[in-house]
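The values are calculated or read from the model by the stated rules, or taken from the named source; none is laboratory data. Just so you know, these numbers come straight off a predicted model, no measurement behind them. With ideal geometry, Cβ positions are generated from the backbone for all residues, glycine too; neighbour counts draw on all protein chains shown.
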């Protein structure tokens with residue numbers, strides 16, 4: 001007759017997986033923060049120059065006169081001009097940050113700014129100071145039926161009225 005054996009304790013097969021998940025969670029927070037600050041890389045290696053700067057861009061478009069700039073951390077946003085369009089206004093701007101530079105066009109849409117066009121710029125690009133002259137931005141302004149840029153007084157009045 002065989003001797004009774006002592007039952008083996010149940011193995012904890014879930015323990016290695018739980019430890020791996022914990023380590024992954026601890027690493028995700030700083031990596032996510034870093035990507036948000038440095039410009040996220042999308043699949044295929046594309047960088048998003050607006051990553052981490054959306055709030056700054058919106059604040060600059062809302063309250064910074066054309067030609068002035070707003071800086072926060074390593075980001076700098078300079079609205080370049082305000083163009084009247086049917087039903088509101090659009091502003092072309094330049095964003096410079098750690099992921100590069102972007103010439104953009106945003107329009108008021110339901111009380112907020114919505115990006116209509118954006119073009120990444122190379123270092124030393126001659127169009128960094130006049131994004132409306134970039135073919136993509138210019139084509140979008142034309143498509144929107146934008147009028148010539150407002151002068152300083154008209155832009156200030158539009159800002160005071162909450163872009164209405």
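Among the residues examined, residue 146 does not qualify as modelled with pLDDT of 95 or more and assigned to a helix (DSSP H, G or I).
Of everything in region 150-162 that is assigned to a loop (DSSP other than H, G, I, E, B) and modelled with pLDDT of 95 or more, the residue that is farthest from residue 112 (Cα to Cα) is 151. Scanning region 72-84 for residues that are more than 19 Å from residue 153 (Cβ to Cβ) and touching a strand residue (DSSP E or B) at 6+ places or on another chain (Cβ under 8 Å) yields 74, 75, 76, 77, 78.
Of the residues screened, residue 84 is not one that is free of Cβ contacts under 8 Å to residues at least 24 places away in the same chain and under 14 Å from residue 149 (Cβ atoms). Checked against (1) at pLDDT below 85; (2) surrounded by fewer than 22 Cβ atoms within 10 Å (Cβ to Cβ); (3) touching a strand residue (DSSP E or B) at 6+ places or on another chain (Cβ under 7 Å), residue 120 passes all but condition (1). Here residue 95 meets each of (1) closer than 17 Å to residue 159 by Cα; (2) modelled with pLDDT of 90 or more with one exception, condition (1).
Yes/no per residue for (1) assigned to a helix (DSSP H, G or I); (2) without any contact (Cβ under 8 Å) to a residue 40 or more places away in the chain; (3) at positive phi; (4) exposed (fewer than 13 other Cβ atoms within 10 Å of the Cβ):
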{"position": "60", "(1), (2), (3), (4)": "yes, yes, no, no"}
{"position": "68", "(1), (2), (3), (4)": "no, yes, no, yes"}
{"position": "71", "(1), (2), (3), (4)": "no, yes, no, yes"}
{"position": "78", "(1), (2), (3), (4)": "no, yes, no, no"}
